[in-house]
1. Which FRET efficiency value, to the nearest 0.05, is calculated for residue 98 and residue 235 with the Förster distance at 41 angstrom and r the Cβ-Cβ distance?
2. On average, how much area does the Cα convex hull of the range 123-215 cover when viewed from any direction, in nm²?
3. Go through 324, 161, 133 and say which Cα lies farthest out towards the positive end of the charge dipole of the chain; charges sit on Cβ, +1 for Lys and Arg, -1 for Asp and Glu.
4. What does the extension gain come out to for residue 287 and residue 105, with contour length at 0.36 nm per residue minus their alpha carbon separation?
5. Which of 234, 222, 143 moves most in a GNM of the chain, Cα contacts under 10 Å?
6. By DSSP, what percent of the beta bridges with both residues in the chain are antiparallel, rounded to the nearest 5?
7. Rank these residues by their accessible area, most exposed first, probe 1.4 Å: 59, 313.
8. What per residue convex hull volume, in Å³, comes out for the chain when only alpha-carbon positions are used?
Amino acid sequence: MAAGLSNKNMVLCLVLMIGSFGLCLVSTHAELRRFEQPAKTDGTLSFLVLGDWGRKGAFNQSEVALQMGRIGEKLDIDFVVSTGDNFYDDGLTGEQDKAFEESFTQIYTAKSLQKQWYSVLGNHDYRGNAEAQLSLHLRKIDSRWLCLRSFIVDAELAEIFFVDTTPFVQSYFTDAEGHTYDWRGIGSPRAYIANLIKDLKLALSESSAKWKIVVGHHSIRSIGHHGDTKELVSKLLPILKANKVDFYMNGHDHCLEHIGDTESPIQFLTSGAGSKAWRGDIKKRKTGGLKFFYDGQGFMSVQLTQDAAEIAFYDVSGNVLHRWTTTKLLYSSI
């Protein structure tokens, strides 16, 4: 367990031995559950980010997985982040759905990918049995799997705040286009969002991590098929700016994308190209801060040190398409 946990939070650490992974669940006054993820012995951190992937190996999912294994070994990754839409087309039917193993366990088989996977739900996951993806039963089938609605990963050098963005999108409630969503556990969406925002504000304001990262399924800024998510622009973005968040990572648009915010240091990073991509499906409106866009399949890597971050995007063959680095002032976390 990492040292230096805050006494003011009255921390109770429960070590959850899930297969070969020892996850430390930290209970605080805040509602968001917190998991401790040790960094490397030299204090650095590296991980892969993948979204919109679960198609039983089809649409180049297996090929992307192969390259993830290669890059994961090269970077000696600590874990994997999934930005949602984990199982297509309509999530899982239940805890016994074979699609879990056919789209996850049997696809991501490389040694380097046998690390903890931290996942959020996407809108397609809500179209199935959303509760199934959150169940302990799946963790018994494959101990790498950890999916919750919203939670925090404390990785020492960085804190990663996973946010359940699907209930923010009003059209899923008012114009479901023939789809059925599993809203069990949500209740009143207005109250659910208000409580989530309150908890996120508190957690971000209390964070002293060198790097603050927020992960959600839906984009805040994107020139892809779905474009900006207006509800996140109005409700979530101001919180990220106020709390000096470094990166917002998402899926939803089936592409790879990097947009720098024009009013703050926040970088919007889309990694939603884990299988089926949308060639040529680009919003034509001009977007300031656009640094990179690719409408094919691939994934993203993140490498962090105390004073620097490197983001890289890879295609289905493992070629680096875009690499971006930034440095952080030594006094930035004081």
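The values are calculated or read from the model by the stated rules, or taken from the named source; none is laboratory data. Predicted model only: the values in this text are computed from it and were never measured. No Cβ is skipped: glycine too gets one built from the backbone with ideal geometry, and neighbour counts run over all protein chains shown. Only protein heavy atoms, including side chains, enter the accessible area calculation; ligands, DNA and RNA are left aside. Shrake-Rupley method; radii C 1.70, N 1.55, O 1.52, S 1.80 Å.
1. Efficiency for this residue pair is about 0.65.
2. Spelled out: convex hull of the Cα atoms, projected over all directions, averaged, 7.0 nm².
3. 324
4. My answer for the length gained is 61.7 nm.
5. 234
6. The answer is about 60 percent antiparallel.
7. From most exposed to least exposed: 59, 313.
8. 128 Å³
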